[in-house]
Amino acid sequence: MPDVFSPLKDQPHYIYRATGRSGSVLARIEEQLPGTLAYGHITHDRRWYRMTKLLRENPSEKINDYDYYKAFVPLNAAWLFEHRLAGAGVTYRVEHAINVDDIFAWPSYNEEALATMATYGRQVVDGMVKRGEVKPFVTDLITDYQARGVYWASTRPWFKLVYPCGSGKTLTSTLSALTEKGPVCVIAPAKARRVWWDQVQEYTNLKPHRVIPRGQMRKNDQTLQDYLAECADLRIRPFVVFGAQSLPDYTQEIAKLAPSVLVFDELHTFGQPKRWKAIFNSNGEIEFEKRRTKTDTRETRAVAAMDVSRLPSVRLRGGLTATPLDDGRPRRLWSQLDLLAPGSYGMGFSSYAKRYCAAKEGEYGGIDDKGSSHIDELKYRAAYLMQEVTHTESHGQLPPTRVQVVWLSPSDQNRPAAFKRVIAKAEKEALKTRTEFDKERALEANLMEAASRKRKYVVEEVLEGLRGGGKVVLFTARRQDCEDWASYIEKALVKEVKQKNFGGVMPAMSWGHGGTDERDREDMVTSFRQSEGPCLLVATGQAFGESVDGLQSADLAIFAMLPWRPGDFEQWKGRFDRIGGRPTLLKVVLARKTYDEKVAGILADKITPIKEFLAAEQYQGMDDKLLGIDDHEAMKASVLDTLFGGDA
């Protein structure tokens, strides 16, 4: 990197020099292109003056009177920046190009370029095999889109893999991480640490280490310190997997590891943009400090992720996800992009929100960032680090998951559980605070009530699946709900066994949720995958519906409560649409005259931004059908047909 001042540091970017009365133009462009920084300079003055900061302090500041200007522009915005300068008639030149090399945007529609990338990617993997890091069979195992992903990572300091669930993104990111020398650090959901640990050993000759919280360590578990000492003795690179939930507890250990490669698994779970808290001093000045948890015991996970992503040792940052817009809104993208390319999409969230979230002043203070704007521009800028693989490309040869939507009429429903007080309390709180969090809690309380009406039907469906010798998965949403379902089904199975069904032997059954020990959850998935007879897993989608590999051997899957976020549905369904799976029948059970009927409208509202930003084949054409439709039955049918693939 040239020895020049730059607030964008090691990120690929250009430094432009502009002359003339261009201060106001540059200030306006900085507001329009988050990540761009414009400064003015006066001869014989060593200081640089930020144009937008001067205007905030004094709107009448004469910012056009500087001798010359410099603009620091991330690579992803350079073309847009030059276009705006040319349109304003500003004379400029490129003074420095820092770490730009030959980095290009993803060539979505260039078949020749895509084929060339796949060829080069296999050559990169072949080099890993020759170095002894990757097992020889992997070169022939990987698909063309995985080979392209590896080459993509080898040509830039960041990569973001947007792959459908079950399409092999863990393998792609493992190989991508090995394109850079040095220690590898993976930050993954706790339930995914075992998947990484297994796959790194399956496909490479490295010895990975998953960090287990101290309270969960068993007698013979190796400590991180001992593992690093072993790597040093064997002269092999460390490959360490940390749990995302406990990340704030391990920032010092990660800093000591000094990783050259940092990978965020399930990157969308790091979508929280709030990292700083404003502190008003007695003299009226405002200072900012890093946010801490409500109990003030440690910094938040969003802060810890930011700190780790800024470690000076990191030369390659990667992220993988199947649902980057997990709540259907672009506000969740900024922190994901910023963790991979710090500062390149705005030094803070507010400038990004104004440009891409149509942000405006909130009704009760703060900003309302639930909108979307300039999505095509954002998509173009993200194309420098993102590879999106469509469902057709990744799953075209896999057995399809057949989806059957079952609407239960009121006469087919049982009496609901006692949810009136829970619902009344949740709705009262939502009306009082008007926060999105409390509104979601009220919605979920109503959906739980709807789920309780399906007990008789769902229990019978589970029994029917087990009677045929099948493997069954039942997903619900809440911990107590999970335990209740397990209790209902266990009682029904006891009766079946007394009647000499199942050969008089109780089928294997397990249940788990977020409160279940992580090791026990891993054992449940392993037992389910290895079982050759009838077996049942009752679980919450939040604990087992994401970052879990092994449920694709199910014959029948049932969603007792429909997840109302598009990202959640894709993740839950993705447990069965996976490499090495079998044709699974997924039954989505919905109750008429309940809140289930409102879910379709909620999903529809959140799908348009997803469709604009991603290929998202499962959503194509749906928003056009929904707009202006008065027939609610037709609307529901349209949503369900698109989401679930028909048979609604």
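The values are calculated or read from the model by the stated rules, or taken from the named source; none is laboratory data. Computed from a predicted model, the values in this text were never measured in an experiment. For neighbour counting, all protein chains shown are included, and Cβ atoms are generated from backbone atoms with ideal geometry for every residue, glycine included. The accessibility values were calculated without ligands, DNA or RNA, using every heavy atom of the protein model including side chains. Shrake-Rupley method; radii C 1.70, N 1.55, O 1.52, S 1.80 Å.
Under 22 Å from the Cα of LYS425, which lysines turn up, not counting those fewer than eight places away in the same chain?
Leaving aside lysines fewer than 8 places away in the same chain, those within reach of LYS425 are LYS439, LYS593, LYS598.
Take peptides 241-253, 441-453 and line them up by average Cβ neighbours within 10 Å, highest first, as a rough protection proxy.
441-453, 241-253
Only bridges with both residues in region 223-361 count here: give the DSSP antiparallel percent, nearest 5.
55 percent
Along the charge dipole of the chain, Cβ charges K/R +1 and D/E -1, which of MET561, ALA341, SER108 sits furthest on the positive end?
Selected residue: MET561.
Using a 1.4 Å probe and ignoring any ligands, DNA or RNA, find the accessible area of GLU57 and quote it in Å² to the nearest 10.
130 Å²
Using the alpha-carbon centroid of each, what span in Å lies between region 345-365 and region 485-544?
Between the Cα centres of region 345-365 and region 485-544 lies a distance of 46 Å.
If the cut-off is a Cα-Cα distance under 20 Å, which aspartates and glutamates reach LYS135, setting aside same-chain residues fewer than 8 apart in sequence?
ASP126, ASP144, GLU180, ASP198, GLU202
What FRET efficiency comes out for ASP102 versus ARG218 if R0 is 56 angstrom and r is the Cβ-Cβ distance? Round to the nearest 0.05.
Here the calculated transfer efficiency is 0.70.
How big is the charge dipole of the chain about its Cα centre, in debye rounded to the nearest 20, if each Lys and Arg gets +1 on its Cβ and each Asp and Glu gets -1 on its Cβ?
Computed charge dipole of the chain: roughly 1240 debye.
Quick one: ranking TYR151, TYR488 by accessible area, 1.4 Å probe, largest first, what do you get?
Ranking TYR151, TYR488 by accessible area, largest first, yields TYR488, TYR151.
Calculate how steeply helix 455-467 sits against the longest principal axis of the alpha-carbon atoms of the chain, using the helix alpha-carbon long axis, and give the answer as 0 to 90 degrees to the nearest 10.
Long axis of 455-467 versus the principal axis of the chain: about 80 degrees.
Show which aspartates and glutamates lie in cross-link reach of LYS181 when reach means a straight Cα distance below 12 angstrom and same-chain residues fewer than eight apart are skipped.
Those aspartates and glutamates meeting the cut-off are GLU133.
Tally Lys and Arg at +1 and Asp and Glu at -1 over the other residues with C-beta under 15 Å from the C-beta of PRO59: what net charge comes out?
+2
Rounding to the nearest 10 and keeping the result within 0 to 90°, find how far the Cα-based axis of helix 596-613 lies from the longest principal axis of the chain.
Computed tilt is about 30 degrees.
Over 30 Å between Cα atoms: which of LYS130/LYS191; LYS274/LYS428; LYS495/LYS587 fall into that group?
Flagged as over cut-off: LYS130/LYS191.
Can you say what percent of the DSSP beta bridges in the chain, counting only those with both residues inside, are antiparallel? Round to 5.
35 percent
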